[in-house]
Amino acid sequence: MSDSADPNLSARDALDRAMLDRAARAALRAAGDVEPNPLVGCVIADSSGRLVGIGHHRRFGGPHAEIEALADAARRGRDVRGATVWVTLEPCRGVGKTGPCADALLRAGVREVVFAAHDPAPKGRGGADALREGGVLARLSLASPLATSISAAHRKRAERSGPWVIAKWAQTPSGSFVADHGRWISGPASLRRVHRLRARVDAVVVGVGTVLADDPLLTARGAARVRRLARRVVLDSMLRTPLHSALVRTAHEAPLTIVTLAGAPSDRAAALRAAGAELLTTPPDAQGRVDAAGALALLAERHGAAVILLECGPTLLSECLRRGLLDEAWAFVGGAADAPADLRSVADEHGYERALRRRSGPDALLIYRPPAPTPSGVSSAGHSPR
């Protein structure tokens, strides 16, 4: 049974969910191309429910989803007067690079606009009020969790000025980060997913323990298209990152930042800078190490990092889970694709809520979000960064 056919939904909610799901799937095509702008999709249907236009925000600075959908309807020769618009984020009212979408919808003569989330950004908010003032029905619908969630990163940045932080790791079904007999915990399908994820984020962060154990490269390889060249970042309190490591040897090919403490050895700092690495410093955390929260904020401030991927070993992962620094947590559970529904990961132990479970080859991928309500590492035998 599809979500849109859920018997617990009213007919209106079922239609909203189906249309907003479709808009969200369109929006996801641009993941990695539009940030720090939000992912947004839009569909337009006439009074009989027939689709007349669909669009999504394709690239930063380009036309918004509503404009794309109106243009699509025009190409099809469809009249949108009296139509209903479903869009994943409240149409904008402010004048930016593309002009207010609320005004465009008013000029087009649509009858109703259904949106999956309010826009808290100064240039975005107020679109629903503008539509109502112009005589258009405008309402919020939470019928599609997918449509509501895809703008969560944008809303977090607008409300709390922080990057969207995703952590990924691999573990065995028993919860170990180390596989038996030196094998990889997760399989090729999971590794391909990780490389696709790297291809759409602004930064990939590891702890120095992962560098010493696995000598990772942290680039996106095998992805159909690298949408963003992610900055590789190492949290390294005492600058133990080897000069001969893969990261340092490729510092002139893909950006490398090492976040350290003010008291780190100056000779090591000079050598790493000479090799092409950027060095940033943060105050220490309570254990005297690089503070993870401070490092994430520094990446957002210095490099505009909107989406950050943490490729966690157990130490960094436990700290980030405990401190609630994660917006998404991806657990690849090796060989557990057919495991029972009560399969658990370390995220469950910290109260994170399961949002999705899907098959990743022979593995299970468990995706978590922080516990509600919220405002808005691996050894060489594990699924280590490669």
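Counted as qualifying within the stretch 147-260 are the strands (runs of 3 or more DSSP E) with 1 or more residues that are under 30 Å from F115 (Cα atoms), namely 164-171.
Would you point out the residue of the stretch 165-192, among those that are among the charged types (D, E, K, R) and open to solvent by 30 Å² or more (accessible area, probe 1.4 Å), that is farthest from A336 (Cα to Cα)? Before you say what the answer is, go through the steps one by one.
Step one: of the stretch 165-192, the residues among the charged types (D, E, K, R) are 168, 180, 183, 192.
Filter again for open to solvent by 30 Å² or more (accessible area, probe 1.4 Å), leaving 180, 183, 192.
Values: D180: 15, R183: 15, R192: 17 Å.
Of everything passing the filter in the stretch 165-192, R192 is farthest from A336 (Cα to Cα).
No other residue among V95, V80 is more than 17 Å from M19 (Cα to Cα) and either modelled with pLDDT under 95 or in a loop (DSSP other than H, G, I, E, B) (or both) apart from V95. When R125 is tested against (1) open to solvent by less than 30 Å² (accessible area, probe 1.4 Å); (2) within 24 Å of the chain's Cα centre (by Cα), just one condition goes unmet, and that condition is (1).
Out of the residues in the stretch 83-92 that are among the aliphatic types (A, V, I, L, M) and in a loop (DSSP other than H, G, I, E, B), which is farthest from V113 (Cα to Cα)?
Of the residues in the stretch 83-92, the ones among the aliphatic types (A, V, I, L, M) are 83, 85, 87, 89.
Then keep just the ones that are in a loop (DSSP other than H, G, I, E, B); that gives 83, 89.
Values: A83: 9, L89: 11 Å.
Selected residue: L89.
Filtered by the rule that a residue be buried (at least 21 other Cβ atoms within 10 Å of the Cβ) and either polar (S, T, N, Q) or within 17 Å of T210 (Cβ to Cβ) (or both), the stretch 149-164 gives a lone residue, S151.
Screening the stretch 70-89 for residues that are touching a Lys or Arg at 6+ places or on another chain (Cβ under 7 Å) and at negative phi and picking the one that is surrounded by the most Cβ atoms within 10 Å (Cβ to Cβ) gives A83. If you check I44, I67 for being crowded, with 21+ Cβ neighbours inside 10 Å, touching a Ser or Thr at 6+ places or on another chain (Cβ under 9 Å) and modelled with pLDDT of 95 or more, only one passes: I44.
Kindly provide the set of residues from the stretch 201-225 that are within 18 Å of G304 (Cβ to Cβ) and surrounded by fewer than 21 Cβ atoms within 10 Å (Cβ to Cβ), ordered by number.
Filtering the stretch 201-225 for residues within 18 Å of G304 (Cβ to Cβ) gives 201-205.
Hits for the stretch 201-225: nothing passes.
For the condition open to solvent by less than 70 Å² (accessible area, probe 1.4 Å) and not in a helix (DSSP H, G or I), I54 qualifies.
The values are calculated or read from the model by the stated rules, or taken from the named source; none is laboratory data. Computed from a prediction, not measured in an experiment: that's the story for all the values here. A quick note on method: Cβ atoms are made from the backbone with ideal geometry, for glycine too, and the neighbour counts reach across all protein chains shown. Heads up: the accessible areas ignore ligands, DNA and RNA and are worked out on the full protein's heavy atoms, side chains in. Shrake-Rupley method; radii C 1.70, N 1.55, O 1.52, S 1.80 Å.
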